[in-house]
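A.B. asks: Structure in structure tokens, see below.
Where a number appears in this text, it was derived from the coordinates with a stated rule and is not lab data. No experiment lies behind these values; they were computed from the predicted model shown. Cβ placement follows ideal geometry from the backbone for every residue including glycine, while neighbour counts extend to all protein chains displayed.
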Amino acid sequence: MMMASGHVLNVLTRIVATCVVSILFVACAQTPDQAAERTAKNLAASTLRTFKNMEEFEEYRARLREAAQEHDVWWAATIRGNETRTLFATNETSPCNAAIEDCIGGEVSEVAVTAAKISKRSSITNNQEADVDEGDIVKQYGRFLIVLQDGRLFSVDTGATVGELRLADRIDVYSSANTGTWYDELLVHGNNLIVTGFNYMEDASEINVITIGDAGELDFQARYYIESEDYYSGNNYASRLVRGRFVVYTPLYLADTPTDEPLHIPRIRRWTPDEGFSQWQPLFSITDVYRPIQPTLTPTLHVISVCRIKVEQTFGCDSRGVVGPAHREVYVSSDNVYLWLTSDHDEWAHGNAGTDSCPEAADLYRYPARRSTVFQLPVESARVRAAHTMGAPYDQFAFDERDDSLLALLVRSPRDCYLDGVLPMMFTSLPLSFFSTAPQPLDANRYAPLTNATGDNLTSRFTKDHVIYGAGEGRWYRWRDEQRDTSGEIVAVPLSRPSRLERLRTSHMIDRLEVLGDHAVAFGAQGKSNLGVSTIWLERHSAIADTLVLPEIAQSEGRSHAFNSLVDDRGEGLFGLPTTDESRLRYWNHVSDVQFFATDAQLRMRTLGELAGQVSLNKGYECEVSCIDWYGNARPIFIEGRVFALTGSELIEGQRYAAGMAEMGRLQLTGTPQRERPNPAH
């Protein structure tokens with residue numbers, strides 16, 4: 001609310017007078033959150049440096065505990081006594097920053113990576129970066145499609161011609177039906193399949209190595225456990241493959257670590273069918289952990305591991321840790337891992353402080369923004385640099401590294417109030433040369449204010465020349481008020497001139513944006529039960545090129561990997577998305593259909609129809625582990641002129657004709673594989 005200048009002067013006079021009078025007794029008091037932040041600043045370093053030794057780290061922990069108790073931080077109530085506990089294994093002379101056999105001892109030929117006999121492999125995943133493969137539930141190896149589902153790998157031979165689908169092999173990734181692991185992500189390197197999951201019994205991220213042969217046969221090699229908290233994110237992915245290196249993110253919430261028992265975190269150990277478990281060993285040394293350079297009383301240890309996977313070498317990792325606030329976004333380019341850390345809304349909140357919604361009519365750009373820091377961790381170097389920033393990316397798609405700069409689309413969240421349905425947006429281009437071991441704040445004039453996004457679910461993508469964004473309600477829109485306006489707005493921001501942004505109105509919400517060649521496509525709810533699809537032209541002037549409406553249809557998967565597209569040199573395209581009709585609301589394991597669309601060079605669309613999913617598990621098949629598909633269970637797949645759809649436990653092949661999409665073959669993954677043998681993973 002704006003006040004007259006005289007009123008403002010009177011208010012300031014009263015505040016000053018109050019402080020002057022108070023000096024007779026005590027200095028003008030700080031609010032509890034200001035006092036807590038000031039204490040936290042005393043725990044933060046001004047430059048990037050690692051802990052010198054365990055004594056220095058334990059001193060930091062002790063001061064952190066005292067500060068948390070002094071300011072009634074939520075986790076301080078769990079502290080029992082003032083004892084000092086070991087967080088890391090103290091054997092600092094043998095960190096696992098070389099091959100893992102140096103830490104575990106003995107030969108590890110069982111997990112040696114052999115040369116791939118089938119070298120041609122293309123990614124079938126809707127990756128953010130063309131040369132950075134992301135962990136998904138389906139990957140390609142030669143003519144084989146490998147599906148991760150129910151804690152198992154299914155090897156499907158697609159055959160030499162259309163419709164020749166065969167189940168070549170199936171293997172359990174898990175050790176037993178009693179394991180507490182959820183398996184989420186699959187990557188392929190050479191003839192090695194790498195499956196990442198989180199094991200709640202071990203409190204560890206689990207990395208499994210399975211080899212695949214010329215006939216699609218699967219053989220279990222080794223399982224690794226890295227102690228961490230759950231890496232799961234509703235949007236992002238924990239594992240990536242960058243130039244033959246496996247990159248994985250594993251957090252540890254320091255505020256949650258108990259103080260009544262010693263902990264040795266993070267550590268690593270291995271299991272193989274022949275040798276069983278190895279001893280726990282340190283993943284890295286405390287001298288690989290960087291002190292916090294941001295004020296925080298609820299710190300997290302963010303660990304990035306880059307693991308070597310080379311011919312005739314074993315699975316060995318170089319790991320680095322950064323201590324900072326819990327809220328994070330991770331983006332991986334072909335050269336660097338970026339970790340953007342931002343204080344949470346209630347980082348300094350006490351009682352009701354900081355919990356109020358921002359005033360509806362307020363100019364949110366006048367409110368102090370939340371402070372943040374972005375770290376740059378090169379994939380092939382141990383060097384870590386950083387820059388102090390403000391605001392936060394909504395997810396990993398708000399980043400892009402190009403032309404020696406890190407581009408970022410940021411939500412300028414106010415420090416002292418909560419946003420409610422309105423997201424103040426801004427854009428920045430941060431030169432890579434600005435990153436430093438003595439981080440400096442990025443100048444305010446480096447942030448370009450943008451049009452606010454209105455909605456609860458922000459979606460954005462970087463394209464060839466633009467960054468685009470919009471907001472909707474996600475895929476669960478069917479519970480909204482039937483009378484509510486479901487129109488939407490897409491903001492197209494030219495990367496060369498952000499001030500010349502364009503606002504594009506649509507007849508549907510903006511629940512999903514995806515890249516389509518040099519252009520884009522948007523999906524969102526229209527009305528109570530329809531799905532709107534719009535192509536977005538992004539050349540010279542931006543425009544909505546075409547819109548289709550699918551009645552009684554909704555998108556059924558929210559993750560980026562659910563979408564996939566194929567665009568040829570003429571600009572003509574094919575894309576697909578999992579959908580469901582209103583009569584069968586998808587919830588986790590419900591089977592989706594996959595809807596296909598075609599576009600011409602002007603982005604005019606037509607529907608090709610769907611490859612429909614069915615619920616038809618083979619008799620005798622039973623899911624034992626990881627039976628909820630947190631990452632979804634449906635994908636459109638395009639490989640070498642052929643079209644497939646994964647829908648639940650079925651793989652369907654389609655053929656595109658002038659009239660639409662025809663089903664050519666269907667394979668039930670729960671059937672009997674051609675290779676029958678005892679499962680060596682047990």
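A.B. asks: Convert each backbone phi in segment 423-434 into a coupling constant with the Karplus relation 6.51 cos²θ - 1.76 cosθ + 1.60 (shift: θ = phi - 60°), then list the ³J(HN,Hα) values in order as whole Hz, x for Gly and Pro.
C.D. replies: Couplings: 10, x, 9, 8, 10, 9, 10, 9, x, 4, 5, 6 Hz.
A.B. asks: What is the local net charge at Leu667, summed over the other residues whose Cβ is closer than 11 Å to its Cβ (Lys, Arg +1; Asp, Glu -1)?
C.D. replies: -2
A.B. asks: Net charge near Asn199, counting Lys/Arg +1 and Asp/Glu -1 over other residues with Cβ under 11 Å of its Cβ?
C.D. replies: -4
A.B. asks: Students often check this: by mean Cβ neighbours within 10 Å, which of 220-233, 605-618 ranks highest, and how do the rest follow?
C.D. replies: The packing order, highest mean first, is 220-233, 605-618.
A.B. asks: If packing is taken as the average number of other Cβ atoms within 10 Å across a peptide's residues, how do 440-449, 518-527 rank, most packed first?
C.D. replies: Descending packing order for the listed peptides: 518-527, 440-449.
A.B. asks: Another question, if that's okay. Calculated FRET efficiency, Glu66 and Ser496, Cβ-Cβ r, R0 45 Å, to nearest 0.05?
C.D. replies: So, using R0 = 45 Å, E works out to roughly 0.35.
A.B. asks: Would you mind calculating the gained length between Glu552 and Ser334 on full extension (0.36 nm times residue separation, minus the Cα-Cα distance), in nm to one decimal?
C.D. replies: Fully extending the segment from Glu552 to Ser334 adds 74.4 nm.
A.B. asks: Sticking with this structure for a sec: Could you rank the peptides 457-466, 365-374 by their average count of other C-beta atoms within 10 Å per residue, with the highest value first?
C.D. replies: In descending order of packing, they fall as 457-466, 365-374.
A.B. asks: Between Arg505 and Thr607, what is the label-point separation in nm under the 7 Å Cα-to-beta-carbon projection?
C.D. replies: That separation, rounded to one decimal, is 2.6 nm.
A.B. asks: So, one more: For Tyr394, enumerate residues with amide H under 5 Å from its amide H, sequence gap 5+ or separate chain, H modeled in the peptide plane.
C.D. replies: Result for Tyr394 returns Val411.
A.B. asks: Then there's this: For the residue pair Tyr365 and Ser529, what label-to-label distance in nm results when each label sits 7 Å from Cα along the Cα-to-beta-carbon direction?
C.D. replies: 4.3
A.B. asks: Now for a separate question. Given R₀ = 60 Å, what would the calculated FRET efficiency be for Glu202 paired with Ile544, taking r from the Cβ atoms and rounding to 0.05?
C.D. replies: Efficiency for this residue pair is about 0.75.
A.B. asks: Using the beta-carbon distance between Asp443 and Glu275 and R0 = 60 Å, what value does 1/(1 + (r/R0)^6) give for FRET efficiency, to the nearest 0.05?
C.D. replies: So, using R0 = 60 Å, E works out to roughly 0.60.
A.B. asks: Run down the aspartates and glutamates and flag those whose C-alpha is under 18 Å from the C-alpha of Lys52, throwing out any fewer than 8 positions away in its chain.
C.D. replies: The reachable aspartates and glutamates, counting only those whose Cα sits under 18 Å from Lys52, are Glu92, Asp288.
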